[in-house]
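Input: a single structure, listed below in structure tokens.
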Amino acid sequence: MDCKKIYFCFVCIGIIYSPFYSQNRISSFLKPADTLNVQRKNTVILTEAIAITSALVGLNQLWYADYPRSHFHFINDNKEWLQMDKLGHSYTSYQMGRMGAELLQWSSATKKQQLLYGAGLGFTFLTAVEVLDGFSSEWGASMGDVIANASGTALYVSQELIWKEQRIIPKFSFQKSIYAAERPESLGHTFSEQLLKDYNGQTYWLSINLHSFAKSSILPKWFNIAIGFGADGMLSGNTEKTYVLNDKILVRKRQFYLSLDVDLTKIDTESHFLKTFFSVFNSIKIPAPTIELTANESVRVHLLRF
């Protein structure tokens with residue numbers, strides 16, 4: 001999926017959340033209902049439906065309308081970008097689903113409704129985009145993308161069913177790479193574009209809450225260990241094309257990280273505003289000491305890495 005379509009996913013999240021968080025000074029408004037609040041529930045469902053429909057219509061007009069339609073077809077892009085784009089799909093599907101479920105929880109909808117209609121939000125939206133891709137001659141639906149979308153949703157739902165809490169949380173971080181300046185048309189001209197398009201600068205994490213696996217331990221409830229996945233040396237998704245930078249042939253490399261992290265949602269507070277704030281920003285990895293292992297290179301230690 002084109003990174004601009006991922007951007008639409010986050011716009012969709014913003015549209016869904018804005019009616020509720022624009023009044024974040026009113027603590028009572030942010031407090032989840034004790035019993036089913038039908039008005040809140042209907043508002044959430046209606047807002048989600050409008051947001052998803054608007055985003056799909058916008059995508060169709062902005063990116064698909066200028067290209068010929070075709071019969072529905074699949075493409076195999078699983079080797080591109082060392083699968084960093086697939087991690088982006090999984091992350092986005094998880095976070096959209098988590099937020100959809102939390103909004104239904106805000107209305108005191110049943111757990112079953114939260115998982116069916118909330119947690120599936122990311123998978124539903126991203127799969128609908130794949131359908132649009134499949135009918136476009138410029139792109140094509142990707143089974144790898146569909147599987148990645150499903151994995152993000154499954155990660156959220158399975159933890160709720162097994163543990164009734166999220167012990168393993170996908171997170172995201174970004175650092176500007178040296179490669180965007182070489183191919184800004186592919187990797188982004190501005191920082192905001194690079195954030196979405198430059199896979200060399202992206203890191204996707206699985207942040208694991210240790211206390212939740214050892215509840216009798218003295219570990220702080222918010223203390224996490226994070227395992228990160230990144231890549232380097234990519235100027236395009238094409239694995240067969242060779243690029244040279246500073247008289248050296250670029251070699252695509254996988255990167256693995258081990259770092260400390262914080263589960264913001266485990267920080268005790270009575271403020272519903274802070275709970276809301278922590279929930280939203282718990283999708284981002286905090287800067288912390290990190291060990292980096294890059295393929296065919298020595299281990300590096302970062303005192304502070306985002």
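Summing charges over all other residues whose Cβ lies under 11 Å from the Cβ of Leu82, with Lys and Arg as +1 and Asp and Glu as -1, gives +2. When the Gaussian network model of the chain links Cα atoms closer than 10 Å, the mean-square fluctuations of Asp247, Asp263, Asp232 top out at Asp247.
Each of Glu182 and Tyr67 was given a label point 7 Å from its Cα along the Cα-to-Cβ line. The distance between the two points is 2.5 nm. Estimated at 0.36 nm per residue, the fully extended path between Phe273 and Glu240 surpasses their Cα-Cα distance by 6.9 nm.
What is the local net charge at Asn200, summed over the other residues whose Cβ is closer than 13 Å to its Cβ (Lys, Arg +1; Asp, Glu -1)?
Numbers: positive: Lys176, Arg183, Lys197, Arg252, Lys253, Arg254; negative: Asp85, Glu182, Asp198, Asp232.
Result for the neighbourhood of Asn200: +2.
Counting only protein heavy atoms and a 1.4 Å probe, the chain has 51 square angstrom of accessible area per residue.
Please sort by residue number the trypsin sites (Lys or Arg not before Pro) in the stretch 49-135 whose DSSP state is loop and whose Cβ has at most 12 other Cβ atoms within 10 Å. Answer in residue order: Lys79.
Which GluC sites (Glu not before Pro) in the stretch 201-306 pass both tests, a DSSP loop state and at most 16 other beta-carbon atoms within 10 Å?
Details: sites: Glu240, Glu270, Glu292, Glu297; in loops: Glu240, Glu270, Glu297.
Passing sites in the stretch 201-306 are Glu240, Glu270, Glu297.
Accessible surface for Ile291 stands near 80 Å², nearest 10, in the context of the full protein assembly shown (1.4 Å probe). With a threshold of 29 Å on the Cα-Cα distance, the over-threshold entries among Lys79/Lys111; Lys31/Lys86; Lys171/Lys253; Lys31/Lys171; Lys31/Lys112; Lys31/Lys221 are Lys79/Lys111; Lys31/Lys86. Applying both filters, DSSP loop and at most 10 other Cβ atoms within 10 Å, to the trypsin sites (Lys or Arg not before Pro) of the stretch 200-306 gives Lys215, Lys241. Accessible area of the chain with a 1.4 Å probe: how many percent of it is carbon plus sulfur? The nonpolar share, carbon plus sulfur, comes to 62 percent.
Extension gain for the segment Phe306 to Lys215, taken as residue separation times 0.36 nm less the Cα-Cα distance, is 29.9 nm to one decimal. Of the residues Ala109, Leu87, His211, the one whose Cα sits farthest towards the positive end of the charge dipole of the stretch 61-212 is His211 (charges of +1 on Lys and Arg Cβ, -1 on Asp and Glu Cβ, taken about the Cα centre). With a cut-off of 14 Å between beta carbons, the residues surrounding Leu155 carry a summed charge of +2, where Lys and Arg count +1 and Asp and Glu -1. Distance between the 7 Å Cα→Cβ label points at Asn76 and Ala49: 4.1 nm.
The values are calculated or read from the model by the stated rules, or taken from the named source; none is laboratory data. What you are looking at is a predicted structure, and each value in this text was computed from that prediction instead of being measured. Positions of Cβ are generated from backbone atoms using ideal geometry, with glycine treated the same way; all protein chains shown enter the neighbour counts. The accessibility values were calculated without ligands, DNA or RNA, using every heavy atom of the protein model including side chains. Shrake-Rupley method; radii C 1.70, N 1.55, O 1.52, S 1.80 Å.
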